[in-house]
Structure formats: C-alpha cells, structure tokens
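I have placed the structure first, in the form of structure tokens, so that the comments after it can refer back to it.
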Amino acid sequence: MMTWADLQATMQQSIVQALSLHQQQLEADRRLTTDEAAKFLGVKPEYLQRLHHRGLAYEKGRPNRYRLADLQDYQDKQRLHRR
C-alpha cells in the first residue's frame, strides 16, 4: 500500500519530469538570428544563407530566424555523412 509520503514523492517526481520535458521543448523551439545560428554551427553567415537555399529550414524575416532544433538536426545529419 502506498503511503501519503510515497504519493507525494511520486507526484513530485512526475512534476519534475514534466517540467524538464517542457524546458527541453522550449529550448528546441528557440529561434536564433542568422549570426547566432552561424556561430552555433561554426560557419560564416554567408555559408548559412547557402544552406537555407539548399533546404535548411528558416523563418523569413528581418532578421531571418532558425529553430535550434532544425540546426541540431542539420548537425546530426552532417556527423552521419562524415562517418
């Protein structure tokens, strides 16, 4: 049988896990400017523009914005191609 303390501990653990997942989603949805995205990938902004002409997702605007999750996906794909 579960005690009140056990129930509280389980609920607290569930809340911490939910908040952690929410924080991860917020971080993945974060938008970076062209300069920030280029710095993140370790490339020049001009090269980043070539990448989005080749299909890298971005939000057109002033300045253009790149989702952190899309940049991380691009990095992962580049690592796989290098192997």
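If you take the Cα centroid of region 57-83 and the Cα centroid of region 1-38, the two points sit 23 Å apart. Charge tally around Ala38: other residues with Cβ under 9 Å, Lys/Arg +1 each, Asp/Glu -1 each, net -1.
With the simple model of a label 7 Å out from the Cα in the direction of the Cβ, Thr33 to Ala69 spans 2.4 nm. Stretching Gln49 away from Gln12 to a fully extended chain increases their span by 8.8 nm, per 0.36 nm per residue minus the current alpha-carbon distance.
The residues neighbouring Arg67, those whose beta-carbon lies less than 11 Å from its own, together hold a net charge of -2 under the Lys/Arg +1, Asp/Glu -1 convention. The ranking of Leu48, Leu7 by Cβ neighbour count inside 10 Å, starting from the fewest, reads Leu7, Leu48. When the alpha carbon coordinates of the chain are projected onto the principal axes, the ranges are 62, 36, 18 Å, largest first.
No value in this document is a laboratory result; all are computed from the given coordinates. The structure presented is a predicted model; accordingly, all values stated were derived computationally and were not measured. All Cβ positions, even for glycine, are placed from backbone atoms using ideal geometry, and neighbour counts span all protein chains on display.
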